[in-house]
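Please read the structure below before turning to the comments.
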Amino acid sequence: MKYDLVLKGGMVVDPLNHIEEVLDVGIIDGKIEKIGEIGDNQGKKVLYVNDNLILPGLVDSHVHVIKDGTGKAGYRMLVRAGVTTAFDFRGPIDAFEEEIIPYGQGLNVAVLNCIFNGREMSQYDVPREEIYKEVRDSLEKGAIGIKIMGGHAPLTPKTTKNVIEITNEEGGYIAFHAGTSKHGSNIEGMEEAVHLANGLPLHIAHINSYCRGMIEHPLGEAKRALTLLKNSPNIVCESYLAPFNGTNGELNEEGLPKSHVTRNCLKKLGYPVGKEGIKKALLNHCAAVYTKVGEENQLIWGEEGYNLWEDKGSKVNMSFLVNSPVVAAACAAEKDDKGHFVVNALSTDGGAIPRNFTLKYGLSLVAFGALTLKEFAWKSSYAPAQLIGLKDKGHFSKGADADIVVVDLHKKEAKMTIINGKVCMMDGELTHEPGKILTTEKGESYLKENHVPYEVIDLERSVYRNGKDYLYRRGE
Ligand SMILES: [Zn+2]
């Protein structure tokens, strides 16, 4: 038998099949054909990956591929970080339809269309018919569901509740950055989000964002969040590991940061809220500016970052070191009485935001002993894949999709990203394959008509639809 591609001599980790062993991987037609010993002469192409880890490709369940003013950087940054499938938490789906062939880099993307983007809805309730229309349009164009921006652009609790209800009724996936006109993006907002779901399936975004110490001590908030999740089988979620957030550095006419998140960051770090504070935070390396350098976005620290902020008249993207690493570790590692992870997946909230740190910090948690290697692969690939019912991703069973990340364990970086059996990135170089949209059956005819590459997923077989325990029922 001739394999299309053979990876020889890597440490293969597969949490579903309980594998953690030096083995070869044989791929035919974009699928896993064999994990075992394979002769050197059996592959049309043979790559020697000794001393590297072979993990199922990363499935990042919360990213922003498209970010205003940063071009097409997100696709590149994700694939170079070892991500093979990503859930985009904003859309718009129309932009992906145009970009997925020329810029997709082989990536599989499931898109959640942001609802009522840029429209302030905090003062009144949106009629149900209008919500139905937005949800149906999004699904028919190929999105798998809806994202409620909440904390950034609050809706009333009633409208939020209706969006959750209607998206589920229409067969879509609903994700929520907690926060309404009543509660902010904090632990109280998260508690409100669980209440508004009223037992229906709901994905609450980045759990650790609600545990920054806005209401009480961050660890107290983390305990509230994790306890709530243990008692809410209908809620799925992820958490990230990045120590810094993503926000905006722009000042208004009064010299105050336009973004309330930026104001809170300065307060939290003990700096004056205004130009002086931003200057100090940048010069003290408590904040950075992020901007496009070459074809990707990078953080610019210190004086250089401050100069950039000045040169651009404050109109730059910024990141502040405000996330608690202790809370991040707790959210990543916490299990319930049955030994099941409380937070379903490791995500980044990255993409075009330069914080695609799943390998860097996730493998640090492994080195630290907070996760085993198999648990890391479970949380960064298998479990997030099952959130949307991707039964052929996140493991190396025969016939599974050949989505693989080859990891340099010493650098904790992706050395090679293979998607659908194709090498999409090797040693940092991209091969410019087209990407693919993951859609529900409702989006199929539109994508087909418009010649957009797609694959239909089945949310009926997802952890999202069937509740958190479904993951472990399938895994056993
Ligand atoms: Zn986000």
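The values are calculated or read from the model by the stated rules, or taken from the named source; none is laboratory data. Computed from a prediction, not measured in an experiment: that's the story for all the values here. Here the Cβ positions follow ideal geometry from the backbone for every residue, glycine too, while neighbour counts run over all protein chains shown.
For residues that are closer than 14 Å to Glu165 by Cα and surrounded by 21 or more Cβ atoms within 10 Å (Cβ to Cβ), tally how many sit in the stretch 197-227.
Residues in the stretch 197-227 being closer than 14 Å to Glu165 by Cα and surrounded by 21 or more Cβ atoms within 10 Å (Cβ to Cβ): 4 in total.
Give the residues of the stretch 169-182 that are more than 15 Å from Phe116 (Cα to Cα) and surrounded by fewer than 20 Cβ atoms within 10 Å (Cβ to Cβ), sorted by residue number.
Hits for the stretch 169-182 are Glu169, Glu170, Gly171, Lys182.
Of these, Ser324, Ser239, Ser259, Ser314, which one is surrounded by fewer than 20 Cβ atoms within 10 Å (Cβ to Cβ) and at pLDDT 95 or above?
That would be Ser314, the only listed residue that is surrounded by fewer than 20 Cβ atoms within 10 Å (Cβ to Cβ) and at pLDDT 95 or above.
Restricting the first residue to the stretch 326-351 and requiring it to be free of Cβ contacts under 8 Å to residues at least 12 places away in the same chain, which pairs with a second residue that is of a type outside the set (D, E, K, R) meet a Cβ separation below 8 Å and a spacing of at least six or different chains?
Cβ pairs passing all conditions: Lys335/Phe341; Lys335/Val342.
Exactly one condition in (1) out of contact with any helix residue (DSSP H, G or I) (no Cβ under 7 Å at 6 or more places or on another chain); (2) surrounded by 24 or more Cβ atoms within 10 Å (Cβ to Cβ) is false for Leu346; which is it?
The failed condition is (1).
What number of residues within the stretch 33-63 satisfy the criterion of being modelled with pLDDT under 95 and either assigned by TED's automatic domain parsing to the domain that holds Ala402 or at positive phi (or both)?
The number of residues fulfilling the criteria is 1.
Tally up the residues in the stretch 58-72 that are within 16 Å of the ligand (Cβ to nearest atom) and among the small types (Gly, Ala, Ser), please.
Result for the stretch 58-72: 1.
Considering the stretch 227-261 alone, what residues qualify as being outside any loop (DSSP other than H, G, I, E, B), among the hydroxyl-bearing types (Ser, Thr, Tyr) and over 19 Å from Leu321 (Cα atoms)?
The initial filter retains those residues of the stretch 227-261 that are outside any loop (DSSP other than H, G, I, E, B), namely 227-230, 235-239, 247-248, 251, 257, 260-261.
Subsequent filtering for residues that are among the hydroxyl-bearing types (Ser, Thr, Tyr) retains 227, 239, 247.
The one that is outside any loop (DSSP other than H, G, I, E, B), among the hydroxyl-bearing types (Ser, Thr, Tyr) and over 19 Å from Leu321 (Cα atoms): Thr227.
If I ask for residues that are crowded, with 16+ Cβ neighbours inside 10 Å and more than 19 Å from Ala242 (Cβ to Cβ), which ones from the stretch 270-291 would you list?
Scanning the stretch 270-291 gives Tyr271, Val273, Gly277, Ile278, Lys279, Lys280.
Select, from Tyr271, Tyr290, Tyr210, the only residue that is within 27 Å of Gly71 (Cα to Cα) and among the aromatic types (Phe, Trp, Tyr).
Answer to the selection: Tyr290.
Where residues in the stretch 118-158 are of a type in the set (Ser, Thr, Tyr) and modelled with pLDDT under 95, which of them is surrounded by the most Cβ atoms within 10 Å (Cβ to Cβ)?
My answer is Thr156.
Being among the acidic types (Asp, Glu) and over 18 Å from Leu202 (Cα atoms) is the filter; apply it to the stretch 418-476 and report the residue that is modelled with the lowest pLDDT. Before the answer, list the steps.
If we filter the stretch 418-476 for residues that are among the acidic types (Asp, Glu), which is where we start, we get 427, 429, 433, 441, 444, 449, 455, 458, 460, 469, 476.
Okay, now just the ones that are also over 18 Å from Leu202 (Cα atoms), so 427, 429, 433, 441, 444, 449, 455, 476.
Numbers: Asp427: 97, Glu429: 97, Glu433: 96, Glu441: 97, Glu444: 98, Glu449: 98, Glu455: 98, Glu476: 41.
Applying the filter and picking the extreme gives Glu476.
Sort out which residues of the stretch 40-69 are over 18 Å from the mean Cα position of the chain (by Cα) and β-branched (Val, Ile, Thr), and write them in order of number.
Val46, Val49, Ile54, listed by residue number.
Which of (1) over 16 Å from the mean Cα position of the chain (by Cα); (2) surrounded by 17 or more Cβ atoms within 10 Å (Cβ to Cβ); (3) in the same structural domain as Ala205 (by TED's automatic domain parsing); (4) of a type in the set (Gly, Ala, Ser) is the odd one out, the single condition Ala95 does not satisfy?
Condition not satisfied by Ala95: (2).
Does Leu196 satisfy the condition of being over 26 Å from Phe96 (Cβ atoms) and touching a residue at least 60 places away in the same chain (Cβ under 8 Å)?
no
Give the stretch 292-325 a look and list any residue that's in contact (Cβ under 8 Å) with a residue 60 or more places away in the chain and among the small types (Gly, Ala, Ser), or say none.
At the first step, the residues of the stretch 292-325 found to be in contact (Cβ under 8 Å) with a residue 60 or more places away in the chain are 292, 295-297, 309, 314-325.
Of everything in the stretch 292-325, those that are in contact (Cβ under 8 Å) with a residue 60 or more places away in the chain and among the small types (Gly, Ala, Ser) turn out to be Ser314, Ser319, Ser324.
Quick one: in the stretch 183-193, of everything that is without any contact (Cβ under 8 Å) to a residue 40 or more places away in the chain and assigned to a helix (DSSP H, G or I), which residue is surrounded by the most Cβ atoms within 10 Å (Cβ to Cβ)?
Restricting to residues being without any contact (Cβ under 8 Å) to a residue 40 or more places away in the chain and assigned to a helix (DSSP H, G or I), the top hit is Met190.
Looking at the stretch 306-355, which of its residues are on the phi > 0 side of the Ramachandran plot, more than 16 Å from the ligand (Cβ to nearest atom) and assigned by TED's automatic domain parsing to the domain that holds Thr85?
Our first condition is that a residue be on the phi > 0 side of the Ramachandran plot; within the stretch 306-355, this holds for 313-314, 339, 349, 351.
Next cut, more than 16 Å from the ligand (Cβ to nearest atom) only: 313-314, 339.
Correct list: Gly339 only.
Tell me, please, whether a residue that is in a helix (DSSP H, G or I), within 16 Å of the ligand (Cβ to nearest atom) and under 25 Å from His285 (Cα atoms) can be found in the stretch 210-226.
yes
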